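Okay, structure first, notes after.
The values are calculated or read from the model by the stated rules, or taken from the named source; none is laboratory data. Here the structure is a predicted model, which is why all the values come from computation and not from measurement. All Cβ positions, glycine included, derive from the backbone under ideal geometry; neighbour counts span all protein chains shown. Each accessible area value is taken on the protein alone, full model and side chains, heavy atoms only, with ligands, DNA and RNA left out. Shrake-Rupley method; radii C 1.70, N 1.55, O 1.52, S 1.80 Å.
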Amino acid sequence: VNDFDNCRYNSVAKFLEKKRLELIYNEIRANMGNNLLFVDADVVFAKKTNIKQEISEILSENDLAFQFNDSWYNFGVFAISCNNKTEELFRHFLDNEIDKVFEDKNLHDQHLINALLGIYPDNVGISYKVEKVFNDIKHTHLPIKYFGNHFKNYKFPQTMPQNVTLFHATNTYNMPDKLQVMTKFKKQYYDGVEKT
C-alpha cells in the first residue's frame, strides 16, 4: 500500500479503484437530492473560487460533469447530482463492471466510466466494452479552469488559465513529481493571490 511510486501499475491500485467506487456509491446514496464534487487526493484548490454555485449551475442541466482529458472524461475530478439515474449508474459500475480492471492490467476505472457513458477515445490503445450504456444520463465536462495537468496545449505552469479553480496533478506518476507541481500551483494561485 505504501509503494506510491508504483501504484499506477500494481494490484494495490486496482484494489483501491474498487474501494473508491464503493465509497462514491455510498456517498451518492447518503446524499440523494444533493450535488457532490469528488476529487482525487492530488488536487489543489485556488483561492477565491465559488465552486458551490458554479457546480450547482452546471448540474441544474446535467447529472454528471467531469474534468476533461483532451478527448475523454477524467474520473479524478467530477461533480454529480445524486439522483436515481446516477445511483443506478454507479450501482451497475460497482456490480457489473469494476472487476474487469482485475482481468486486464491496462484497464482502469476511468476507461469504464467513459464507456458507460458511450465514450471510447481513439488514443487509449486497448479494447474493452461494458454491458450497458447509460444514454439517459446527461453529462458534460467541467470548464477548463477545473484544470488537469494533461491538456496538450495547456501544460502547467506555462499557459494555465488565469481564472483557474483547481489543479489536478494528473499525468504525474510518482509522489515527488506530484508534490512539486502541486506546490508550484499552491504558491502561484493560492498563496500568491492578494488577500482582500
Next on the checklist: For a 32 Å ceiling on Cα separation, which of these pairs sit above it: Lys19/Lys178; Lys48/Lys178; Lys100/Lys138; Lys48/Lys100; Lys47/Lys132; Lys100/Lys186?
Outcome noted: Lys48/Lys100; Lys47/Lys132; Lys100/Lys186
Item to check | Largest to smallest accessible area among Lys85, Lys48 [probe 1.4 Å] | outcome: Lys48, Lys85
Checklist entry - Relative to the present Cα-Cα distance, how much length would full extension add between Asp136 and Ser60 at 0.36 nm per residue of separation? => result 25.8 nm
Item to check | Accessible surface ranking that places the most exposed of Lys129, Lys186 first, with a 1.4 angstrom probe | outcome: Lys129, Lys186
Next on the checklist: Can you compute the FRET efficiency between Lys47 and Glu27 using 1/(1 + (r/R0)^6), with r the Cβ-Cβ distance and R0 = 25 Å? Round to the nearest 0.05.
Outcome noted: 0.45
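Counting Lys and Arg as +1 and Asp and Glu as -1, what is the net charge of the other residues whose Cβ lies under 9 Å from the Cβ of Ala169?
-2
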Checklist entry - How much accessible area does Thr49 have with a 1.4 Å probe, in Å² rounded to the nearest 10? => result 50 Å²
Item to check | Heavy-atom accessible area order for Val133, Val101, largest first, 1.4 Å probe | outcome: Val133, Val101
Checklist entry - If ligands, DNA and RNA are left out, what is the accessible area of Ser127 with a 1.4 Å probe, given in Å² to the nearest 10? => result 110 Å²
Next on the checklist: Classify the stretch 24-77 from the C-alpha gyration tensor, please: rounded if a/c falls under 1.5, else prolate or oblate depending on whether a/b exceeds b/c.
Outcome noted: rounded
